[in-house]
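The values are calculated or read from the model by the stated rules, or taken from the named source; none is laboratory data. Here the structure is a predicted model, which means the values were calculated and not measured. Here the Cβ is made from the backbone with ideal geometry for all residues, glycine too, and neighbour counts use every protein chain on show. Heads up: the accessible areas ignore ligands, DNA and RNA and are worked out on the full protein's heavy atoms, side chains in. Shrake-Rupley method; radii C 1.70, N 1.55, O 1.52, S 1.80 Å.
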Amino acid sequence: MRLPILLCAAVLLAGCASYDGRGLVPGKSTSGDVQALMGSPAERLASADGGSVWYYPRNPAGLHTYAVRIGPDGVMRGIEQRLTVENMGKLVAGTTTAKQVRELLGPPWRVTRLERQRRDVWEYSMYDAVQDEHFLYVQFSGDGLVREVLLLRDLRKEQGDATSRP
């Protein structure tokens, strides 16, 4: 009898989690507030100022990754959506490192390997500038540098649109 009640409570609490951190206030909200509202981050990276950045990827179903900056004092400094066309434009083949991509975009939702080319591929789902859904593929060579950045339209959405037209 207790197990079904506990499961229901867990589902209800999970439903209360904020997708985008709405309600958090930079300079006032604490790391505890962030975790209570958004849940546990998928990844935490240390920042140069002694604080950290917490990543909340919403892929593959959602097309966002939220980065929450936490100061060394445990107070939230800001929150931003990282999967943007502007941030994608900051990736430079032959220059940008995997570490820099991770810091900029957050953790990928899927990592694959192209054996013939000896490249790792990080995959993200995101919107383009006009809010069409796309897949972002970032390819890395063995030295950890970006080699290619591909933004491909999600054709599954177009197929769905085509079948609904008369």
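State which residue is nearest to the chain's Cα centre (by Cα) when the search covers only region 72-88 and only residues that are over 9 Å from Met126 (Cβ atoms) and either open to solvent by 60 Å² or more (accessible area, probe 1.4 Å) or among the aliphatic types (A, V, I, L, M) (or both).
Checking each candidate, the answer is Glu80.
Which of the numbered conditions does Arg153 fail, given that it passes all the others? Conditions: (1) in contact with an Asp or Glu (Cβ under 7 Å, 6 or more places away or on another chain); (2) under 23 Å from Tyr55 (Cβ atoms); (3) open to solvent by 70 Å² or more (accessible area, probe 1.4 Å).
The failed condition is (2).
Of the residues Arg69, Arg116, Arg102, which is of a type outside the set (Val, Ile, Thr), closer than 18 Å to Leu151 by Cα and open to solvent by 30 Å² or more (accessible area, probe 1.4 Å)?
Arg102
Which of (1) under 17 Å from the mean Cα position of the chain (by Cα); (2) in a strand (DSSP E or B); (3) not aliphatic (A, V, I, L, M) does Gly62 not meet, given it meets every other one?
The number of the failed condition is (2).
Return the pairs, sorted by first residue and then second, in which the second residue is open to solvent by 80 Å² or more (accessible area, probe 1.4 Å), the first residue lies in region 143-154 and is more than 11 Å from Ala93 (Cβ to Cβ), the beta carbons are less than 9 Å apart, and the residues are 6+ apart or on different chains.
Once the first residue is more than 11 Å from Ala93 (Cβ to Cβ) and sits in region 143-154, its partners that are open to solvent by 80 Å² or more (accessible area, probe 1.4 Å) give Gly144/Lys99.
In the list Arg102, Arg77, Arg118, which residue meets the criterion of being within 22 Å of Arg22 (Cα to Cα) and without any contact (Cβ under 8 Å) to a residue 60 or more places away in the chain?
Result of the check over Arg102, Arg77, Arg118: Arg77.
Residues checked against (1) open to solvent by 40 Å² or more (accessible area, probe 1.4 Å); (2) modelled with pLDDT of 95 or more; (3) of a type in the set (A, V, I, L, M):
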{"position": "Ser18", "(1), (2), (3)": "no, no, no"}
{"position": "Arg22", "(1), (2), (3)": "yes, no, no"}
{"position": "Val25", "(1), (2), (3)": "yes, yes, yes"}
{"position": "Thr30", "(1), (2), (3)": "yes, yes, no"}
{"position": "Asp33", "(1), (2), (3)": "yes, yes, no"}
{"position": "Ala48", "(1), (2), (3)": "yes, no, yes"}
{"position": "Ser52", "(1), (2), (3)": "no, yes, no"}
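Report yes if some residue within region 43-56 is outside any loop (DSSP other than H, G, I, E, B) and basic (Lys, Arg); otherwise report no.
Yes, because at least one residue in region 43-56 is outside any loop (DSSP other than H, G, I, E, B) and basic (Lys, Arg).
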